[in-house]
Amino acid sequence: DAALLLQDYDVARDRYLSVLKQQPDNANALNNVAWLLNRNKDPQALEYAERAIKLAPNNPDYLDTLAQIQAAAGRVDKAIEIQKKVVDLSPDLPTPRLRLAQYYVNANQKAQAREQLQRLAQLGDRFPQQAEVKKLIEGL
């Protein structure tokens, strides 16, 4: 986790893989490996993410990782489906909602994107990514 926080991604991946050799059902390590592999567009990311979800099917962080992997693979409809569940599980967290809005934009679902973005805009200074929200709204 320390290597991940320090953005030493190769070291983090190697350490998480080492953990998985000893604890193959460590959902957190599986999720983090999935996220790290997805950064490098490694198709194995999906396998690790799905294993984490199997162990913790309602974990919003793991579902968020899976949605990111689906979106990166061009399966935006699947990413939206998963990200909607993330938002339902953590409705007060703005970052998953922003990601959902971005997926809607990518799928050219402007009305749905606008709805999510307007909710984020209402947060004002409580959500520091307002510049991104404004940019997305202007692009609709």
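The values are calculated or read from the model by the stated rules, or taken from the named source; none is laboratory data. These numbers come from a predicted model, not from an experiment. Counting neighbours? That spans all protein chains shown, and the Cβs are built from the backbone with ideal geometry, glycine included. The accessibility values were calculated without ligands, DNA or RNA, using every heavy atom of the protein model including side chains. Shrake-Rupley method; radii C 1.70, N 1.55, O 1.52, S 1.80 Å.
Details
- Residue tally, condition open to solvent by less than 40 Å² (accessible area, probe 1.4 Å) and either farther than 23 Å from Gln70 by Cα or touching a Lys or Arg at 6+ places or on another chain (Cβ under 9 Å) (or both), over segment 5-19: 0
- Qualifying residue in segment 63-75 (condition: over 19 Å from Lys41 (Cα atoms) and among the β-branched types (Val, Ile, Thr)): no
- A count restricted to segment 113-133 and to residues that are open to solvent by 70 Å² or more (accessible area, probe 1.4 Å), more than 14 Å from Leu93 (Cα to Cα) and in contact (Cβ under 8 Å) with a residue 24 or more places away in the chain stands at 1.
- Residues satisfying the criterion are present in segment 49-64 (criterion: of a type in the set (Val, Ile, Thr), under 21 Å from Ala27 (Cβ atoms) and either in contact with a helix residue (DSSP H, G or I) (Cβ under 9 Å, 6 or more places away or on another chain) or at pLDDT below 95 (or both)).
- Only listed residue being within 23 Å of Phe127 (Cβ to Cβ) and open to solvent by 50 Å² or more (accessible area, probe 1.4 Å), chosen from Lys41, Lys85: Lys85
- Residue within segment 103-110 that is on the phi > 0 side of the Ramachandran plot and either open to solvent by 40 Å² or more (accessible area, probe 1.4 Å) or of a type in the set (Lys, Arg) (or both) present: yes
- Unique residue being small (Gly, Ala, Ser) and open to solvent by 20 Å² or more (accessible area, probe 1.4 Å) when the list is Ala52, Ala67, Ala79, Ala73: Ala73
- Being surrounded by 15 or more Cβ atoms within 10 Å (Cβ to Cβ), modelled with pLDDT of 95 or more and touching a Leu at 6+ places or on another chain (Cβ under 6 Å) is a property that holds for Ala27.
- Pairing residues of segment 18-38 that are under 12 Å from Ala3 (Cβ atoms) and among the aliphatic types (A, V, I, L, M) with residues that are open to solvent by 30 Å² or more (accessible area, probe 1.4 Å) and part of a helix (DSSP H, G or I), at Cβ distances under 6 Å and at least 6 apart in sequence or on separate chains, gives Leu36/Tyr9; Leu36/Arg13.
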